[in-house]
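The values are calculated or read from the model by the stated rules, or taken from the named source; none is laboratory data. Keep in mind that what you see is a predicted model, and the values were worked out from it rather than measured. Using ideal geometry, Cβ is built from the backbone for each residue, glycine included, and neighbour counts are taken over all protein chains shown.
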Amino acid sequence: MRDGMRFWRRKKGAGVHQVNMRLEAGDIVGLIGPNGGGKTTLLHTIAGLWKPDSGSFRVLGRDAQEAGRRWVQRHIGFMPEQVVWTGSSTPRQVLERLITMRGGDDDAIKMLRLVGLRSRADSPLDSLSQGMEQRMTLATALLGEPTILLLDEPMNGLDPVAQAAFRGLLRQLADRGCAIIVSSHNLNEMERVVDRVAIMNRGQLVASGPMADVERRLALEQRLLLAGSGPKPDLSLLTSEGVIIEEQETRSVEEDWRYRLIRRAGRWEPGDRGLLTAAVEAAGGVVQLIHPLPAALEDLLGAVTGQDPEKVGLELEGDELVPMRTLEVDDDE
């Protein structure tokens, strides 16, 4: 997509605009932004549901408008947010009907097996859990083996176990060559599955690239999570270096303590993990967890726009736009 623009449907303003994005086979891109930031509008436009007011969009090298909506939609699968499946029909019956309507040759049972619903193929839709409903929606989006898969807030309502299974399925699809865009307002869930992020705010694509590189370019505070068992370690050396230490609630029975370590200047180096482990062991404890924490979405948007992070997500009146600079980060930088 190049210089894409789509006006809002229910309010004044430019809507989604100045969007430039490239998606390769096997990519998983996290489309991140606050509610109302334009994520769904962009996905609907890419899916061919809404026509862009300007700009161009190419699929497999062909201009989308010249190729026609039907040709484009044969290559794109779209999973809307929170589809509710009800009734006495079964997943197998629903998929077989959709396959017949599309004139396709997909195997309903094969699709249900792919998304982990084979055992519920002949169960009433009313009996499906929310996680199963999400998988059912994904199965319909995968009909026709699309080249591009668009997922709008697919993790909403899923418990941690279901989220982990869903992330594994997305990686499996990407390994098969499917290019995937996943929309979300939650950075924590996205960092575990996406290759790079595209951050939207008020209709604009304001930053893109691998998550760690985007944070580094914006000079955001570097956060590290440290948890362990046994006596608490002496971390006074870190405070002398300007590191803020915040005690957190433990999350598992193996943990006796948990800290969030915030480095305001510089970044955590690979050798720091060894130093932290040594401090824990010197106190007689055992490290259970050390891993970096992504910046909060409001911090990212605040860094890009120059606004107060607490106010950056507020609505603007009319067609007012916030001056923004787009931050692009190459994978090899």
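Take Ala219 and tell me if it is of a type outside the set (Ser, Thr, Tyr), over 26 Å from the mean Cα position of the chain (by Cα), at pLDDT below 80 and closer than 27 Å to Val197 by Cα. Reasoning before the result, please.
Values: of a type outside the set (Ser, Thr, Tyr): yes; over 26 Å from the mean Cα position of the chain (by Cα): no; at pLDDT below 80: yes; closer than 27 Å to Val197 by Cα: yes.
For Ala219, the condition - of a type outside the set (Ser, Thr, Tyr), over 26 Å from the mean Cα position of the chain (by Cα), at pLDDT below 80 and closer than 27 Å to Val197 by Cα - is not met.
Quick one: which strands (runs of 3 or more DSSP E) sit completely within the range 1-110 and have at least 3 residues that are touching a Pro at 6+ places or on another chain (Cβ under 8 Å) and at pLDDT 85 or above?
Values: elements: 2-6, 16-19, 28-32, 54-56, 76-79.
Strands (runs of 3 or more DSSP E) meeting the threshold: 76-79.
Among the residues of the range 113-167, which ones are among the aliphatic types (A, V, I, L, M) and under 21 Å from Thr100 (Cβ atoms)?
Looking only at the range 113-167, we keep the residues that are among the aliphatic types (A, V, I, L, M), and these are 114-115, 117, 121, 125, 128, 132, 136, 138-139, 141-143, 148-151, 155, 158, 161-162, 164-165.
The answer is Leu114, Val115, Leu117, Ala121, Leu125, Met136, Leu138, Ala139, Ala141, Leu142, Leu143.
Please state which one of Val72, Val84 is surrounded by fewer than 16 Cβ atoms within 10 Å (Cβ to Cβ), under 26 Å from the mean Cα position of the chain (by Cα) and not small (Gly, Ala, Ser).
Val84
Anything in the range 153-169 that is of a type in the set (A, V, I, L, M) and either in contact with a helix residue (DSSP H, G or I) (Cβ under 9 Å, 6 or more places away or on another chain) or not assigned by TED's automatic domain parsing to the domain that holds Ser183 (or both)? List them, or say none. Outline the logic, then answer.
Our first condition is that a residue be of a type in the set (A, V, I, L, M); within the range 153-169, this holds for 155, 158, 161-162, 164-165, 169.
Hits for the range 153-169 are Met155, Leu158, Val161, Ala162, Ala165, Leu169.
Name the residues in the range 245-282 that are modelled with pLDDT of 90 or more, surrounded by fewer than 15 Cβ atoms within 10 Å (Cβ to Cβ) and among the hydrophobic types (A, V, I, L, M, F, W, C), would you?
Passing the criteria: Ile245, Val253, Leu275, Ala278, Ala282.
Could you check the range 95-105 and list, in sequence order, the residues that are over 28 Å from the mean Cα position of the chain (by Cα) and either touching a residue at least 60 places away in the same chain (Cβ under 8 Å) or surrounded by 15 or more Cβ atoms within 10 Å (Cβ to Cβ) (or both)?
Correct list: Glu96, Ile99.
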